[in-house]
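Undergrad: Submitted below is the structure of interest, expressed as structure tokens.
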Amino acid sequence: AQRVTQPEKLLSVFKGAPVELKCNYSYSGSPELFWYVQYSRQRLQLLLRHISRESIKGFTADLNKGETSFHLKKPFAQEEDSAMYYCALSTSGTYKYIFGTGTRLKVLA
Amino acid sequence: NAGVTQTPKFQVLKTGQSMTLQCAQDMNHEYMSWYRQDPGMGLRLIHYSVGAGITDQGEVPNGYNVSRSTTEDFPLRLLSAAPSQTSVYFCASSSRRRPGEAFFGQGTRLTVV
């Protein structure tokens, strides 16, 4: 069965510290992986997708098929990064998402 | 520049009542879907549609109906509300050309008492 696991419900880091939000998935085919972010009082929005291999707001994520992971990283956290982060999987050729349970990131001053 | 619009933003229902959550998008997206967000469970897919006249069930469809008579609208109907349907509901749309980039509505917070 397809599944996305985000083991941390809450991650607190100090401003300027590195951040890593973990995401593991289970899927036997070729998945598409995404990170979505929800800032306070805002709607859920796409942050990153693995096929783009881009850096958005300083965040990067690399798909590791061997470890079935798609961890989100940022070298220096900012207070404005505080938000709820969801990892999501889309099975190849579909537009349906399987979301993880989310990780709340708190960046402390 | 509306994007995906959901109404209402908040709703309180009594057990057994029915209601419709509205979702409209103005981006001419083919794909639309409904999710519910519950604490500790992330977002779970309720129903989805790949185009007008075509709908299918997601992970948690029981107690909900949908229809897609136009490309723009994708209403979600609660047939007989139950306390277990207390949740935050999100509608999303995406283009067939970029199916991986979903646009979400602002959510509807529903409480069933």
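Undergrad: Compute, for the protein assembly as shown, the length of the dipole vector about the Cα centre, with Cβ point charges of +1 (Lys, Arg) and -1 (Asp, Glu) only. Units Debye, rounded to 20.
TA: Details: 25 positive and 17 negative charges, 60 e Å.
The dipole magnitude comes to about 280 debye.
Undergrad: Take each of the peptides B:61-69, A:51-59, average the number of other beta-carbon atoms within 10 Å over its residues, and list them starting from the highest. Before the final figure, lay out the partial values.
TA: On the way: B:61-69: 15.7, A:51-59: 13.0.
So the order, starting with the most tightly packed, is B:61-69, A:51-59.
Undergrad: For chain B, set up a Gaussian network in which alpha carbons nearer than 10 Å are linked by springs, and say which option among B:Ala92, B:Ala24, B:Ala102 fluctuates the most.
TA: Top of the fluctuation ranking is B:Ala102.
Undergrad: Sticking with this structure for a sec: Residues with beta-carbon under 9 Å from that of B:Gly58, excluding B:Gly58: net charge, scoring Lys, Arg +1 and Asp, Glu -1?
TA: The answer is 0.
Undergrad: How many angstrom lie between the C-alpha centres of region B:65-80 and region B:24-46?
TA: Using only Cα atoms, the two centres lie 12 Å from each other.
Undergrad: How fast does region B:1-98 diffuse by Stokes-Einstein, in µm²/s, taking the Kirkwood radius from C-alpha pairs at 4 °C and 1.567 mPa s?
TA: Result for D is 95 µm²/s.
Undergrad: If you don't mind, there's one more thing I want to ask. Give me the inter-chain shielding for B:54-61: mean count of other chain Cβ atoms within 10 Å, whole number please.
TA: 1
Undergrad: Label points 7 Å out from Cα along the Cβ direction at B:Asp73 and A:Thr91: separation in nm?
TA: In this crude spin-label approximation the distance works out to 3.2 nm.
Undergrad: Calculate one ³J(HN,Hα) per residue across region B:83-93 by plugging θ = phi - 60° into the Karplus curve 6.51 cos²θ - 1.76 cosθ + 1.60, and present them in order as whole Hz with x for glycine and proline.
TA: Going residue by residue, I get x, 5, 8, 5, 5, 10, 10, 10, 9, 9, 9 Hz, with x marking Gly and Pro.
Undergrad: Less than 16 Å from a label point 7 Å out along the Cα-to-Cβ axis of A:Ser30: which backbone N atoms in region B:80-113 qualify, by residue?
TA: Only B:99-100 pass the distance filter.
Undergrad: Quick one: how many lysine pairs does chain A have with C-alpha atoms less than 26 Å apart and a gap of 8 or more or different chains? Give me the count, please.
TA: Counting lysine pairs in chain A gives 28.
Undergrad: Still on this structure, I have one more. Compute a Gaussian network model of chain B, connecting alpha carbons closer than 10 Å, and tell me which residue from B:Gly53, B:Gly40, B:Gly16 fluctuates the most.
TA: Of B:Gly53, B:Gly40, B:Gly16, the Gaussian network model singles out B:Gly40 as fluctuating most.
Undergrad: Can you give the average number of partner chain beta-carbon atoms within 10 Å of each beta-carbon in peptide B:78-90, as a whole number?
TA: Mean partner-chain Cβ count within 10 Å for B:78-90: 0.
Undergrad: Let me ask something else. Taking 30 Å as R0, compute the FRET efficiency from the Cβ-Cβ separation of B:Ala2 and B:Glu59 and round it to 0.05.
TA: Here the calculated transfer efficiency is 0.60.
Undergrad: Could you derive backbone 3J(HN,Hα) for region B:11-19 from the dihedral phi with the Karplus parameters 6.51, -1.76 and 1.60 (θ = phi - 60°), listing whole Hz in sequence and x where the residue is Gly or Pro?
TA: These are the phi-based 3J(HN,Hα) values: 7, 10, 10, 8, 3, x, 6, 10, 6 Hz.
Just so you know, all these numbers are worked out from the coordinates, no wet-lab data involved. Since we're looking at a predicted model, the values are computed, not measured. Quick reminder, even Gly has a Cβ in these numbers, built from the backbone with ideal geometry, and neighbours come from all protein chains shown.
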